[in-house]
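Taken together, the values in this text are just the output of simple stated rules run on the coordinates, not laboratory data. Keep in mind the model is a prediction, meaning the values are calculated, not measured. Here Cβ is always computed from backbone atoms with ideal geometry, including for glycine, and neighbour counts include all displayed protein chains.
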Amino acid sequence: MSNPLTPLGLAVKMHQEDIRLRRLSARTQEQYAYMIGRFVDFLQGEDVAFVEAITPGHIRGWLLSLEDEGLKPASVNTGAKCVKAWLNFLVREGVLDASPMRTVPMPKLNRPRPVAFTPKEVDLILDATDTLRDRALVLFMLDTGVRRAELAALNVGDVDLGRGVVYVQDGKGGKDRVTFLGVGSRRAVRRYLLNRDAPPPYAPLWISFTTGNRLLVAGVRMLFRRLREKTGIPHLTPHTFRRTCALWCLRSGMDVYQVAAILGHSDITTLKHYIRFLEDDLRDAHNRHSPVDGYFSKEKQK
C-alpha cells in the first residue's frame, strides 16, 4: 500500500513548527514563511497540490520568475536557500525520498570584497569618540565581533574583565557562546565601568546618556551614525566592526574554525568568503615583493 500524498499546506506547517521549536530568530522565521509561501503560490499556479509532485523544473521556473520580477540576486539566492532547507527537512522527516532541488544549482552571487576598517580608519573612529563609553564600546565591538543586538543585551556580569571572557547569552539562533577581550579593550571597559561607580552584575553593560537605562539597538545605531558623520567613513556600521574582527583575526593567523566559534557562525561558509580575499591580499603582496621580479629588476640596474 502506497503512502498518502502530503498537501503543500501540511508540509509548510510541519516546517514552521520545526523552526519554532529550534528557536530560530523571528526574522529568520518570517523569511522562511515569506519565501516558501511565494514558492507554494507558484506551485499552486502550476496545479501542484502535493509536495511529492514538485520537480526540479518547478524550482528552476520559480527562481527564474523571481529574476523576471526584478528581484536582486541576493534575494533570489535567499529564496533558493529557504526552499532548499524546506525540502531537505521533508527528506529528513521521511515525507520525500530525495529533494527535487538536489539537481538545481544555487543561484550564484557576485560577492564584493568584504569591507573592513583599516588601522588608520580605526584611529579616526577612536579620535571621534568623546566619552569613555563610546571609546570602550568601539574597542569592545572590534575585539569581540559581537552583533549589534548581542551588544545591547549584555549585562555587566556577562563580562569577566579579569580573564577577558565575554559570555554572549541567547545570541543569534538562541545560542550561547563565549568571545574574548584583549588587554586594551579590558582597560577601556574597566575605566568606563569605574566611571559608573562599578555597577552590579545585573546592570546593563551599556547605558544611554539620555535615559540612564539600557542602550537599545536603536541607540547603538544612532551612535554609529554620529561617528560616521564625524569621521566621513561611509562604511562605519556595527557590522563592519564584526567583519573587521573576522578579517584581522584571520590575517593574524587565527584558525578559521576558532574565528567561526568566536563570532558564533554555525559553519565556516561565510568565512570562506573572507579567506578568498585574504588570498588576494597575499597575491598583491607577492606582486609587490616577488623574489624573481626583484632579481630581474636588480639585473637591469647593473
Handout entry: Cα gyration tensor shape of the stretch 8-92, rounded if a/c is under 1.5, else prolate or oblate by comparing a/b with b/c
Key = oblate
Problem - ³J(HN,Hα) computed for each position of the stretch 142-151 - Karplus, 6.51 cos²θ - 1.76 cosθ + 1.60, integer Hz, glycine/proline x - result: 5, 7, 9, x, 5, 6, 4, 5, 5, 4
Problem - Among 205, 6, 161 the positive-end extreme of the charge dipole of the chain (Cβ point charges) - result: 161
Problem - Cleavage-rule hits, trypsin sites (Lys or Arg not before Pro), the stretch 143-190, DSSP coil, Cβ neighbours within 10 Å at most 14 - result: 163, 175
Fill in the blank from the handout: Across all Cα atoms of the stretch 119-285, Rg and the largest Cα-Cα distance (Dmax), in Å, are 15.9, 50
Fill in the blank from the handout: Taking the alpha-carbon centre of each part, the distance from the stretch 186-216 to the stretch 97-151 in Å is 24
Problem - Under 19 Å between alpha carbons - lysine pairs in the chain that sit 8 or more apart or on different chains - result: 11
Practice task
Place +1 on the Cβ of every Lys and Arg and -1 on the Cβ of every Asp and Glu in the chain, take the dipole about the Cα centre, and give the residue among 194, 139, 104 whose Cα lies farthest towards its positive end.
Solution key: 194
Fill in the blank from the handout: The set of residues whose placed amide H lies less than 5 Å from the amide H of residue 207, leaving out same-chain residues fewer than 5 positions away, is 215
Exercise for the section: Calculate the dipole size of the stretch 1-56 relative to its Cα centre from +1 charges on Lys and Arg beta carbons and -1 charges on Asp and Glu beta carbons; express the result in debye to the nearest 20. Expected result: 380
Practice task
With only Lys, Arg, Asp and Glu charged, each at its Cβ (+1 for the first two, -1 for the last two), find how big the charge dipole of the chain is about the Cα centre; round to the nearest 20 debye.
Solution key: 1100
Problem - Relative contact order of the chain, defined on C-alpha pairs under 8 angstrom at six or more residues apart (%) - result: 16
Problem - Ranked 224, 140, 180, criterion: other C-beta atoms within 10 Å, fewest first - result: 180, 224, 140
Problem - Candidate values (1) 129; (2) 167; (3) 214, label of the one derived for volume of the Cα convex hull per residue in Å³ - result: (3)
Handout entry: Burial order of peptide ranges 54-62, 94-102 (average beta-carbon count within 10 Å, highest first)
Key = 54-62, 94-102
Practice task
Please give the net charge around residue 152, taking every other residue with its beta carbon less than 11 angstrom from that of residue 152, where Lys and Arg add +1 and Asp and Glu add -1.
Solution key: +3
Completion exercise
HN-Hα couplings for the stretch 201-206 via Karplus (6.51, -1.76, 1.60; θ = phi - 60°), in whole Hz with x for Gly/Pro, come out as x, 7, 6, x, 5, 10
Practice task
Rounding to the nearest 20 debye, state how big the charge dipole of the stretch 8-92 is about its Cα centre with +1 on each Lys and Arg Cβ and -1 on each Asp and Glu Cβ.
Solution key: 540
